[in-house]
Structure formats: C-alpha cells, structure tokens
Amino acid sequence: MNRIEELFKHKSDRVLNVYFTAGYPQLDDTTAIMEQLEVSGADLIEVGIPFSDPIADGPTIQDSNGVALDNGMTLKLLLEQLKGVREKVSIPIILMGYINPIVQYGIEQFCKDCQEIGVDGLILPDLPMFEYIEVHKPLFDKHGLLNIFLITPQTSESRIRDIDENSSGFIYMVSSASTTGAKAQVSGDQEAYFARIKAMDLKNPTLIGFGISNKETFDKASANANGAIIGSAFIKAISKEGNLNDNIDEFVKSVIS
Amino acid sequence: MKVKVDERGYYGNFGGAYIPEMLYPNIEELRDNYERIMAEPDFQEQFQSLLKDFVGRPTPLYKAERLSEKYGAKIYLKREDLCHTGAHKVNNTIGQILMAQRLGKKKIIAETGAGQHGVATATVCALMGVECIVYMGAVDIERQKPNVERMRILGAEVRAAESGSKTLKDATNEAMRHWINNPTDTHYIIGSVVGPHPYPEMVARFQSVISEEIKKQLQEQEGQTNPDYVIACVGGGSNAAGAFYHYYDDEDVQLVAVEAAGKGNHTGESAATTVLGKPGVLHGSRTLLMQTEDGQVVEPYSISAGLDYPGIGPVHAHLYETGRAKFYSVTDEEAMKSGIQLSRLEGIIPAIETAHAFAALNQMSFKPEDIVVINLSGRGDKDLETYIKWGKY
C-alpha cells in the first residue's frame, strides 16, 4: 500500500506535512532535511522542485526557489540526490512542483524515477484536472504515485466532489484566498469554509495549508481537518543562523507539542 | 487549414489553462461568460461606440508611397499608432473593462512591460471610474519613466514587481498572485494573447477589429479584401493576432510575424521565441517558451521593452508549428535603422516594437503588384529616449 494511504489509515488527527524547497538553504541539504524531519516528528515530507516562476507562492517560497536555482538545483540533480533516501527515510515523500520542469524532464521518465526513489505522491498545482485524468493518470497509477489536488474557499461544491472523486491520498485545503505564506486569518468566512468542507464528508482525508505557521495555527487547522501543511514558516526556520538539524528539530517540536 | 481555438482553449498543441486551483473559479467564470457577453447587443454597441469616439477608429489604412517605391510593392500601413494612447493596446482594454463591468468586478489589475498596456488600462479605468493597479517590473519602471508617470496621472497605482528578473514576466507573476489574493472583486486585464484560456482568444477577438477594418479598407482602395502579405511584430503577439485574425483561414494571404532578435539570435541576448524556444508552460498556457534544459524560464532581451517576453501567444506557436505564418527575426540594429527609415520616408516615427515589422521588409522580396499590409502598431513618442541614445540619425 502507498505510504500516504498507510499513514492516514493509522493516523487521522494532527497529521503534519512539512514543505521545503530542494536546494535550499544549501544545494546538498535535501536528504539531511528529510531525515531530520522524520526524526523530529513530521508525518509527511513535501519536497519542492524549484521553478523560476512560482505563481502560487508568496515571497518566502519565491526567495527559496530563487536561492535554490542559484545554488544550481535542477530536477535532474534533485532526483539524483533522492536516490537511496529510502534507506534513511520511511515516512511518505511528496514532490511538489510546477509542471514545466517536469514536462522538460519527460513525464514518463519522471514517474519512473519517482517510483525507483520511493516517492509516494505529487502535487502539481498547475496541472489541469482533465489533463491529469485523460493523459497522466494511467502513468501515475502504474508508478504508484498519488496525485494530490488543491481546493480553495472559492472552489465550487460540484468541483470539490469532482476533485474528491479523482484524488487519492489526501486533499490539500488552501485555507484562504492567498499565495503561500500569507498571514493566517481567523475569520468568520474561514470558519464557514472549514465547516462546509467537513459537512461534505469527503472520501479523502484533508490537510489544511497556506498560513499555517506555528502551534496555534496547526492546532486550529487540526481541529478542522486531519492535519496541516507548513511551508513558508519552515523555510524561515531553516533560514536562521545556527545548526540546520537543531533549527528543524526546534521548529517541528514547537508545532506538534 | 482552420485556425480555431477548441473548447479547452487549445490551438492545435498550444494553449490550455495551466493554472493553480486558486485561479480556477475566476478563469472558469470568464470562460463560461465571455462569448455570451461579447455577443450581447448592448456590449457590442458600447464597445463599438467607444472604439469610434474614444479610441478614434477606424484607424486609416494608408498607402505608403515612398516606402512602396523603395521595396517595389504596394505597401499599406494600418495606422494603429493613431489610436488614443498611441498603440493598438487600447482596443483590448476597452473590451476588457466592459467585460469586467458585466462580470460585476469592481477593481482592475494589469501587468505591463514597456508601459503601453499599463497606460491603456489606466486610461479605461479612469474613463469608467474604476480602481486600477498596474504591476510593472522594477527594472522596467526605471527605464520607462514617462509611462509610469502617465499611469499615475491617470490615477492608477503602479506597483513594482521586485521578484525574479523584475521585468514583464515577473510583473505578470505578481499580477497573477494579486488575483489569487483577491479572487472575487477583481478582474485581471491581460495585455496580450497570452495567459490561460480564454485570455488568448478573448484578447485576439478584441484586437480583431484591426483585420476587420483592413478587409473593408482594402476593398475600397484596391477592390479586394485580401492583401498578399500581412506583416506584424510579435512579442506576446496581440497586434499580430489582431491583424491576422480575419485572415487566419484565407490561405492566399501570407501572414508574417516578426520577432526581436536583440543583439543576434545566438548571442544569448535575444527574444526570438520561435528560434530559441521549446514547448513549455508559462503563465497558464502551453506555448513556445525560452527556457533552460531544466525548464527554468530564460530572461529574453530586446532593445524594445514590448517584445522582451520569453514566450509567445499560443496561437502564434500554432501558426509557427503549422507553417501558416512565416516568422522572421530582426536585431536591435536592423529595427532602429528601419524606424529611422520610416520616419524619413513617410514622416512617421514608429514605436521600436513596430520598427521590427518594417525591418522584415529587407529580408523579403516582392513582385510590383504585391499588396503588403504592415500593422503600424504604435507610435514612437514613448521611445524617444531610446532613439536618442541610439543616436544614428
């Protein structure tokens, strides 16, 4: 069974998915960050494939993409770095990336490499749903890759049903109309959105992302979904001076404590 | 060959809507409504009336006698430079502001490179009393100061895009991010035939008034609707799409698109997407794209700020791939010389973007009876500083 599905079978509450950009802060930090995330208590790891034009991302993740590219990160290099990561990391691994670098690499080869590495899922925010269903789904299925879709407060009920039907793993609930790293707002609208999704009784688990940055927002998200995704706040935490592993450990523990 | 967008927004292999879910409701709303709204008599009446009385349409189709003599063909200029605000860009912004109003949107955002689209957007927002924010790369703000001030005089807020390379593609990224953050009350007026479906087709239709008029005017002047050649410069490709639109399926007309070769296509400083690009995905559509082997978008270069976009509208990628249009590329130097030449021969100082279209004449050969229409997409007032800096006149 896919590790993401396995995870949600055994844990349905306070699931923590941590995002970081591959190649940041240093080119070779990728697997070290992943190992430490598992040790510190993250449940899933989302590795960002850097892109020159990340339109869904706010300033923090944009900057980390820019630094990673300047450091020399490429998709090819990332997939090389990840070879053998399964000897040390056992929690689910998701690759997140804009579609263009993957198209240039070759989607079929990418899927093969992901399977060999032991990647469990993909988040491709600018891949249209129909193209996934008609073109890529058979390939993803063949290589054991779950495709994770996003929903937002503006997503219509019928489309959420569609997404739920065509998703596996979990649904990525974007907390508010924003790019990544925006300040979490606790508004009546957001409460209503969370309640509306809960009432839909989706077949997939949900994780809330965008604006989740600390224990307080993680707790709140967990009260409304199966857990949460943290990206920008984690990038900031590993940008600080000091030992990388200590920074990761301190951050993750402060969130899940 | 029929050039037509399909239901999902593809022209052959190019187009589509590669957007994050956050933008889906906005794009869906536009996709589901734009054709219906454009077909409404009330919309058409207001659109046509503003094109006539505010923009100054129809723009003349002018027989350039001295240029014709020089190149040995009958050369006509479609005078989009005489549009209000100095270029064809306003045809689209008029259409889109009327669209935005009918969609109930209260605020407008736009991206701009050289500032022409920004000015055209600020203009229609002033006309309608609508709040307007224009994103412009920090680098472009520095090199296009007069247009920045024009936008401010018109009441728009100009926001600097400080991310990435701080030019047009980053201004587009920032505008899209703004839209993600403000999805319900804001309409994004994209300035070219780029972006996710339905933008490329919608913008082309608003610009198609250009070829609609050419057909009528040529009928009056030459007794035939179709010329042998239609020539236009291409950055994203909105003026070319407008000039080609009603000729797409008329294969007796050779469509000619002219890209900016900057300092030369193999100098690393060019913007000739069909020469240097490969299929890829940027700003919501699959198109030809200048990029690294790893799929990172490459910053293009041209002396003309309106042509240095790393992609090209998906319809143009399709016209290129199918051979329906012939593509030329023209260096900075060639374009500048042609700009001066047009000034001297016809008394018209063209925008430097437009000067590229004229430079292609040097790479073509004509028969004396050939009828050639060049889309004179913009005037050169905004480029005075570049002309002065270049200095060879």
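List of remarks:
- Average beta carbon contacts from partner chains per residue of B:160-171, 10 Å cutoff: 2
- Placing a label point 7 Å from the Cα of residue B:28 along the Cα-to-Cβ direction, the residues of region B:155-180 whose backbone N falls under 17 Å from that point are B:180.
- The charge dipole of the protein assembly as shown, taken about the Cα centre with unit charges on the Cβ atoms of Lys, Arg (+1) and Asp, Glu (-1), comes to about 980 debye, rounded to the nearest 20.
- The distance between label points at residue B:52 and residue B:106 comes to 3.4 nm (points 7 Å beyond Cα on the Cα→Cβ vector).
- GNM remark for chain B: springs join alpha carbons under 10 Å apart, and the peak mean-square fluctuation among B:336, B:22, B:176 falls on B:22.
- Residue order for A:155, B:386, fewest other beta carbons within 10 angstrom first, comes to B:386, A:155.
- When you restrict to C-alpha pairs under 8 Å that are six or more residues apart and normalise by the size of region A:69-200, the relative contact order lands at 19 percent.
- Given charges at beta-carbon only (K, R positive; D, E negative), |dipole| of region A:15-256 in Debye: 340
- Counting every other Cβ atom within 10 Å of each residue's Cβ, B:286, B:57 order from fewest to most as B:57, B:286.
- Highest mean first, the peptides A:94-107, A:31-44 sorted by other C-beta atoms within 10 Å per residue fall in the order A:94-107, A:31-44.
- With Cα atoms defining each centre, region B:279-293 and region A:67-140 are spaced 18 Å apart in the structure.
- Note on region A:15-256: dipole from Cβ charges, positive end direction compared against A:251, A:69, A:173; the farthest Cα belongs to A:173.
- Averaged over peptide A:171-179, the number of partner chain Cβ atoms lying within 10 Å of each residue's Cβ comes to 3.
- Each of B:360, B:210, B:378 was scored by the projection of its Cα onto the charge dipole of chain B, and the greatest displacement toward the positive side belongs to B:378; charges sit on the C-beta of Lys, Arg, Asp and Glu.
- Taking the fewest neighbouring Cβ atoms within 10 Å as the starting point, the ordered list for A:74, A:60 is A:60, A:74.
- Peptide ranges B:168-174, B:98-104, B:310-316 listed from the most packed, as the mean C-beta count within 10 angstrom indicates: B:310-316, B:168-174, B:98-104
- Taken along the Cα-to-beta-carbon direction at a fixed 7 Å, the label points for residue B:152 and residue A:158 span 4.8 nm.
- Hydrodynamic radius (Kirkwood) for chain B, which is based on Cα pairs only, to one decimal in Å: 20.5
- Global geometry of region A:18-118, whether rounded, prolate or oblate, following the gyration tensor of its Cα atoms and the 1.5 cut on a/c: oblate
- For A:57-66, mean number of other protein chain Cβ atoms within 10 Å: 2
- Rel. contact order, % - alpha carbon contacts under 8 angstrom, at least six apart, chain A: 24
- Relative packing of peptides A:21-29, A:76-84 - highest average C-beta neighbours within 10 Å first: A:21-29, A:76-84
- With 31 Å as the limit, the listed pairs A:88/A:137; B:78/B:337; A:142/A:253; A:240/B:145; B:89/B:337 have A:142/A:253; A:240/B:145 beyond it between alpha carbons.
- Distance from region B:342-378 to region B:81-106 (C-alpha centre basis), Å: 26
- With the convex hull constructed from alpha-carbon coordinates only, region B:22-61 shows a mean projected area of 4.2 nm² over all directions.
- For the protein assembly as shown, the direction-averaged projected area of the alpha-carbon convex hull comes to 28.0 nm².
- Gyration tensor (alpha-carbon) shape descriptor, region B:351-393, a/c threshold 1.5: prolate
- Shape class for region A:15-256, computed from the alpha carbon gyration tensor (a ≥ b ≥ c): oblate, with a/c not under 1.5 and a/b at or below b/c.
- Relative contact order of chain B, pairs being alpha-carbon contacts under 8 Å that are 6 or more residues apart, as %: 20
- Model label zone, residue B:181; criterion: amide N under 19 Å from point 7 Å along Cα-to-beta-carbon; scope region A:186-218: A:186-187, A:190, A:209-213
- Distance between the modelled labels on residue B:249 and residue A:83, one decimal in nanometres: 5.4 nm (7 Å Cα→Cβ projection).
Since every read-out is calculated from the coordinates, none of them should be taken as a lab result. For clarity, every value in this text was computed on a predicted model and none was experimentally measured. Cβ: placed from backbone, ideal geometry, glycine included. Neighbour counts: every protein chain shown.
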